[in-house]
Amino acid sequence: MRSLFKQATFGSFDGMTSLLGILVALVVSHTNPHTVLVASAGLAIAAAVGMGGGEYLSDSGGPGGLTRASVMTGATFAGAFIPVLPYLWVGGRLGFILTLAVIALISVAIAEIRTLDSRRVKAYAQTFVIVLLASGLSIGVSILLGVNG
């Protein structure tokens, strides 16, 4: 059971940071909300299949391999798509702010789960440093490529 919890944490964090990268690039380039939603759905599906498939292929046929791969797939999809759901109702700056709030809440949940194996301060620091790194790199690359509107 603990192994499945780790798979879910890993998958949701991977999906969320992948989404964050594409979302920042789309928002910085002033893309319309419908395009943000469609691109995020495509990313969520591709990331979920990739992570679940990778988990299944990396498993040496041991017991529970398909279960772990299924958990990874579902968690990755959820982590990549749930944060962008505000774009169903609002777009623009408000949609982006709401999405960032959802990402912050998911990050808190992931950090709390990680406190099972790590100290609380360390778990939070590591989780949020990676989220901020993903954001900063995405913004930097978007600006360097000239997609700043």
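Values in this text are rule-based calculations from the coordinates and carry no lab data. Please read these numbers as outputs of a predicted model, since none were measured by experiment. Here the Cβ is made from the backbone with ideal geometry for all residues, glycine too, and neighbour counts use every protein chain on show.
Is there a residue being touching a residue at least 24 places away in the same chain (Cβ under 8 Å) and surrounded by fewer than 13 Cβ atoms within 10 Å (Cβ to Cβ) anywhere in region 122-137?
no
Here is a list of conditions, (1) closer than 19 Å to K6 by Cα; (2) in a helix (DSSP H, G or I), and P63 meets all of them except one; can you say which number that is?
Of everything listed in (1) closer than 19 Å to K6 by Cα; (2) in a helix (DSSP H, G or I), P63 misses just condition (2).
Select from region 125-142 the residues that are over 15 Å from T99 (Cβ atoms) and of a type in the set (S, T, Y) and list them in ascending order.
If the condition is that a residue be over 15 Å from T99 (Cβ atoms) and of a type in the set (S, T, Y), then T127, S142 are the ones that fit.
State all residues of region 1-21 that are free of Cβ contacts under 8 Å to residues at least 24 places away in the same chain and of a type in the set (A, V, I, L, M, F, W, C); if no residue qualifies, say none.
M1
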